[in-house]
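Colleague: One structure coming up, written as structure tokens, with questions to follow.
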Amino acid sequence: CLSPCINGVKKIIYLGMINQIKEIFDFNFEPTKKSLKKRMHYFSKQLEFEKAHTEKKRLESLYKLSKKLEPLRLNRIKKELTQIGKSLQLKQTPLIIEAFDNSHTGGAEAVSASVRYVMGIAEKSSYRKYIIISGSGADDYGSFQEVLHRRFTRLLDEKVQLPNLVIIDGARPQLNTALEVFTKLNVLDKLDVISISKDKNHRPKTIH
């Protein structure tokens with residue numbers, strides 16, 4: 001307790017603690033972990049070992065708390081993902097999501113990127129960047145065809161769990177390209193596919 005009721009703490013420090021508590025209640029532990037580690041290393045460098053030890057004990061307590069709360073976090077995320085699945089009329093709950101986008105510079109230097117989320121958490125070790133080799137960057141459909149074939153052929157070969165939902169950056173034609181690839185790979189019945197087109201301000205507008 002920082003004793004706010006008797007003005008035992010500066011307002012900015014107290015509000016910072018409140019924000020950390022809110023993040024913890026929202027199952028977002030990483031910012032607080034990062035803050036405690038930073039304080040622990042700072043006090044250690046300043047040779048204030050008692051303070052560093054206090055931050056270490058807080059960090060250990062936070063790890064224990066996050067472990068105990070993990071079932072609650074997963075349950076909440078599953079409910080949210082279930083609701084998303086119902087809203088989008090998906091065949092299955094999107095517990096694993098992969099999203100794909102293309103980019104190029106004036107038709108040259110074409111690349112594509114994919115991200116993967118598992119139970120609402122970014123699985124950064126599964127992020128991928130692809131250099132398009134089959135055509136020009138201006139051919140958005142060809143780029144998606146190549147990268148989706150490369151990605152899902154590898155997932156199948158390595159027996160990695162397929163995503164429940166695939167998100168494509170684009171409109172109906174890009175979606176149709178993805179559907180063609182998944183049909184040829186015989187995985188269309190194992191996943192849902194949507195595409196998201198943007199408005200003139202590059203903001204998400206329509207889900208296909």
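Colleague: Which residue out of Lys200, Lys205, Lys190 is farther than 21 Å from Gly85 by Cα, open to solvent by 20 Å² or more (accessible area, probe 1.4 Å) and among the basic types (Lys, Arg)? Before you say what the answer is, go through the steps one by one.
Modeller: On the way: Lys205 fails: farther than 21 Å from Gly85 by Cα; Lys190 fails: farther than 21 Å from Gly85 by Cα.
Criteria check complete, one pass: Lys200.
Colleague: Still on this structure, please answer the following. Residues of the range 145-177 being touching a residue at least 40 places away in the same chain (Cβ under 8 Å), under 23 Å from Gln89 (Cβ atoms) and in a helix (DSSP H, G or I), which ones?
Modeller: Across the range 145-177, the qualifying residue is only Leu148.
Colleague: If you check every pair at least six apart or on different chains, which have Cβ atoms under 9 Å apart with a residue in the range 76-101 that is closer than 18 Å to Leu188 by Cβ and open to solvent by 40 Å² or more (accessible area, probe 1.4 Å) first and a residue that is in a helix (DSSP H, G or I) and among the acidic types (Asp, Glu) second?
Modeller: Lys91/Asp189
Colleague: Can you report the number of residues in the range 132-144 which are buried (at least 17 other Cβ atoms within 10 Å of the Cβ) and assigned to a loop (DSSP other than H, G, I, E, B)? Quick ask: steps written out before the conclusion?
Modeller: The initial filter retains those residues of the range 132-144 that are buried (at least 17 other Cβ atoms within 10 Å of the Cβ), namely 132, 137, 139-140, 142-144.
So of that shortlist, the ones also assigned to a loop (DSSP other than H, G, I, E, B) come out as 132, 137, 139.
Residues that pass the stated criteria total 3.
Colleague: Which residue pairs have Cβ atoms closer than 8 Å, lie 6 or more positions apart in sequence or on different chains, and pair a first residue in the range 120-136 that is of a type in the set (A, V, I, L, M, F, W, C) with a second residue that is open to solvent by less than 80 Å² (accessible area, probe 1.4 Å) and at pLDDT below 85?
Modeller: Ile131/Ala110; Ile132/Ala110
Colleague: On to the next question. Just for the range 54-75: of the residues that are polar (S, T, N, Q) and free of Cβ contacts under 8 Å to residues at least 24 places away in the same chain, which one is surrounded by the most Cβ atoms within 10 Å (Cβ to Cβ)? Break it down into steps so the answer makes sense when it comes.
Modeller: We begin by selecting, within the range 54-75, every residue polar (S, T, N, Q); these are 54, 61, 66, 75.
Still in the running and free of Cβ contacts under 8 Å to residues at least 24 places away in the same chain: 54, 61, 75.
On the way: Thr54: 15, Ser61: 11, Asn75: 10.
That would be Thr54.
The values are calculated or read from the model by the stated rules, or taken from the named source; none is laboratory data. What you see is a predicted model; the values in this text were computed from it and never measured. Ideal geometry is used to build each Cβ from the backbone, glycine not excepted, and the neighbour counts take in all protein chains shown. Only protein heavy atoms, including side chains, enter the accessible area calculation; ligands, DNA and RNA are left aside. Shrake-Rupley method; radii C 1.70, N 1.55, O 1.52, S 1.80 Å.
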